[in-house]
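First up is the structure itself, then whatever we jot down about it.
None of the figures in this text is laboratory data; all of them are computed from the coordinates on show. Computed from a predicted model, the values in this text were never measured in an experiment. Cβ atoms come from the backbone with ideal geometry, glycine included; neighbour counts cover every protein chain shown.
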C-alpha cells in the first residue's frame, strides 16, 4: 500500500521568514495530494491541494509543488505569521481522493515572533 | 450550510466495552470516511462508506465496524475495546463522484481505561 513520509517533524522559523515541509510517497498511482493544517484540539482543515496533472499551485502565501518523477511534493509558506503555528499533514490518494487518504506523520510548525 | 458534525465530543470507556460514534456529513455530501488519529500521529484510514456500503477498508481488525444510513450519516462501532484504541476518531465527508476534497469533523476523543 501507499506510504507517505514527511519531514521535518518539527520546524521553527522567525516570523516573516519562509517555511518548507517535504513529503515523499511510494505509490506511483497516487494522483491527489492535499495538505491539512491542524491546530491544537481542532479538526484538520484543508489548506491547499494539488492533482498529479499540475506541477505547482499557489494560494496567496501558500504554495505546493509536485515532482511526479521523484514522487515528492512540498508545502511552501511565505511571510509566515504567528497564526501559521500548527501541525501540518500531507496526504496522498489515488482516484483523486475518492479513495482513502494516506497521511504523513505531521510537522509541528512554530513561528517565532 | 452545516459542516461535518460528530458526537459525542469525548468518551471514556473501560477495556472490553463497546462504543458507537456518530457522524453527520456536510450538506450535499454522500461519502463518509473514518480515521483514527493517535496522539502525535497522522490520521489512519479505517473505512469508507458510500451508498450505505463499505467501499474501502484500512488495516483495522473486525472489531471496528460501521454503518451508513439513507440520510448519509454514519456510525463507527468498536467492540472489545483495548487500551490502544484510545485516540481521536475523525469523520470526513466528501461528494463521491469527481469531488476529491474530504472535509473533517471535530472528532470524538475516546479514552479507554
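The distance linking the range A:1-54 with the range B:18-56 is 20 Å (Cα centroid to Cα centroid, whole angstrom). Averaged over the residues of peptide A:43-50, the number of Cβ atoms from other protein chains lying within 10 Å of each residue's Cβ is 4. Protection proxy ranking of B:26-33, B:50-57, by the mean of other Cβ atoms within 10 Å over each peptide's residues and highest first, is B:26-33, B:50-57.
A viscosity of 0.692 mPa s and a temperature of 37 °C, combined with the Kirkwood radius over C-alpha pairs in the Stokes-Einstein formula, give the protein assembly as shown a diffusion coefficient of 183 µm²/s. For the segment B:29-37, counting C-beta atoms of other chains within 10 Å of every residue's C-beta and taking the mean gives 2.
Shielding of B:50-58 by partners, i.e. mean partner chain Cβ atoms within 10 Å per residue? Could the numbers behind the result be given before it?
Details: counts 1, 0, 0, 0, 0, 3, 4, 1, 3.
Counting Cβ atoms of other protein chains within 10 Å of each residue's Cβ and averaging gives 1.
Under a no-solvent Debye model with one identical scatterer per Cα of chain A, what's log10 I(q)/I(0) at q = 0.11, 0.22 Å⁻¹? Results for chain A at q = 0.11, 0.22 Å⁻¹ read -0.31, -1.21.
The Kirkwood radius of chain B, taken over pairs of alpha-carbon atoms, gives through the Stokes-Einstein law at 37 °C and 0.692 mPa s a diffusion coefficient of 236 µm² s⁻¹.
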